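Visitor: Here's a structure for you.
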Amino acid sequence: CAAGSDILYGNEGNDELFGGIGNDILYGGAGDDLLNGGAGNDLLYGNAGNDTFVLAPGMGTDTIYNFEDGVDSLQLDGNISFGQLEIVQSGRSTQINLNNTGETLAILRGTDAGLITEADFSTI
């Protein structure tokens, strides 16, 4: 990995994984995990459990794998709300963008944009 880039693994417990600076890879494991890639373009794998993925402006684009609508959630940080988001289909993935800047906060791989609603989000 490049300097500042981490690979973090959770286990079957309820883990909190924080990537920090760099392009990180976070694997949540089987529990109900919190995954926060921090700054950089991160790869986040929730796997089993009710996982929470933290999204924030100015922190890069996170690519999220294994997102399960109605099970997992997206937590908004940095004083943004659901009303400020644009949710669009991009191929077989969903892009979550900020309306005012066009910044892409996250890409949900293999997820239909039509399934993503305000109920999938919480705020810090």
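Visitor: For segment 40-53, what does the Karplus curve 6.51 cos²θ - 1.76 cosθ + 1.60, with θ = phi - 60°, yield as ³J(HN,Hα) per residue in whole Hz, taken in order and with x for Gly and Pro?
Guide: With the stated coefficients, segment 40-53 comes to x, 9, 9, 10, 10, 10, x, 6, 6, x, 8, 9, 10, 10 Hz.
Visitor: Around Asp32, which amide H atoms from residues at least 5 apart in sequence, or from another chain, sit under 5 Å from its own amide H, with H modelled in the peptide plane?
Guide: Residues meeting the amide H criterion: Asn14, Asp15, Asn50.
Visitor: Turning to a different aspect of this structure: Would you mind telling me the antiparallel percentage of the DSSP bridges in the chain, rounded to 5? Present the calculation step by step, with values, prior to reporting the outcome.
Guide: Details: 10 of 34 bridges.
Taking every DSSP beta bridge with both residues in the chain, the antiparallel ones total about 30 percent.
Visitor: Just going by the charge dipole of the chain, with Lys and Arg at +1 and Asp and Glu at -1 on Cβ, which of Thr117, Met59, Val71 is farthest out on the positive end?
Guide: Farthest towards the positive pole: Met59.
Visitor: For the chain, set up a Gaussian network in which alpha carbons nearer than 10 Å are linked by springs, and say which option among Gly28, Gly40, Gly114 fluctuates the most.
Guide: Gly114
Visitor: If you take every residue apart from Leu85 with its C-beta less than 11 Å away from the C-beta of Leu85, what net charge results, scoring Lys and Arg +1 and Asp and Glu -1? Could you put the intermediate results ahead of the total?
Guide: On the way: positive: none; negative: Glu86, Glu103, Glu118, Asp120.
Once positives and negatives cancel, what remains is -4.
Visitor: So what's the net charge close to Gly58: Lys and Arg +1, Asp and Glu -1, counting the other residues with Cβ under 11 Å from its Cβ? Walk me through the numbers on the way to the answer.
Guide: On the way: positive: none; negative: Asp77, Glu103.
Charge balance near Gly58 sits at -2.
Visitor: On to the next question. Quick check: net charge around Ser5, other residues with Cβ under 14 Å of its Cβ, Lys/Arg +1 and Asp/Glu -1? Display every interim value, and only then the final one.
Guide: Details: positive: none; negative: Asp6, Asp24, Asp42, Asp62.
Here the count lands on -4.
Visitor: Right, next: Would you pull out the residues with amide H under 5 Å of Gly60's amide H, same chain only if 5 or more places away, H placed 1.01 Å from N?
Guide: Here the answer is Gly40, since their amide H atoms fall under 5 Å of that of Gly60.
Visitor: Specify which residue in the list Asn99, Gly31, Leu17 is farthest towards the positive end of the charge dipole of segment 7-123, using unit charges on the beta carbon of Lys, Arg (+1) and Asp, Glu (-1), about the Cα centre.
Guide: Asn99
Visitor: While we're here: Which whole-number percent is the relative contact order of the chain (Cα, under 8 Å, 6+ apart)? Working shown, then result.
Guide: Working: 347 pairs, mean separation 21.6, N = 124.
Worked out over the chain, it gives 17 percent.
Visitor: If amide hydrogens are placed 1.01 Å from N in the peptide plane, which non-local residues have theirs closer than 5 Å to the one on Asp72?
Guide: Excluding prolines and chain starts, which carry no amide H, the hits are Asp51.
Visitor: Now for a different question. Hey, could you grab the Kirkwood Rh for the chain? Inverse mean 1/r over distinct alpha carbon pairs, Å, one decimal. Spell out each step's value before the answer.
Guide: On the way: mean 1/r = 0.0707 Å⁻¹.
14.2 Å is the Kirkwood radius here.
Visitor: Okay, next question. May I ask you to list the GluC sites (Glu not before Pro) in segment 47-124 that are in a DSSP loop and have at most 16 other Cβ atoms within 10 Å of their Cβ? Kindly include the intermediate steps, with their values, before the conclusion.
Guide: Working: sites: Glu68, Glu86, Glu103, Glu118; in loops: Glu68, Glu103.
When the GluC sites (Glu not before Pro) of segment 47-124 are filtered for loop state and at most 16 Cβ neighbours within 10 Å, Glu68, Glu103 remain.
Visitor: Moving to a separate point now. If the chain between Val88 and Asp69 were fully stretched, how many nm would it gain, using 0.36 nm times the residue separation less the Cα-Cα distance? Walk me through the numbers before you get to the answer.
Guide: On the way: separation 19, 0.36 × 19 = 6.84 nm, distance 1.53 nm.
Length difference between fully extended and current span is 5.3 nm.
Rule-based calculations on the coordinates, nothing more; no lab input. Just so it is clear, the model here is predicted, and its values are computed rather than measured. Ideal geometry is used to build each Cβ from the backbone, glycine not excepted, and the neighbour counts take in all protein chains shown.
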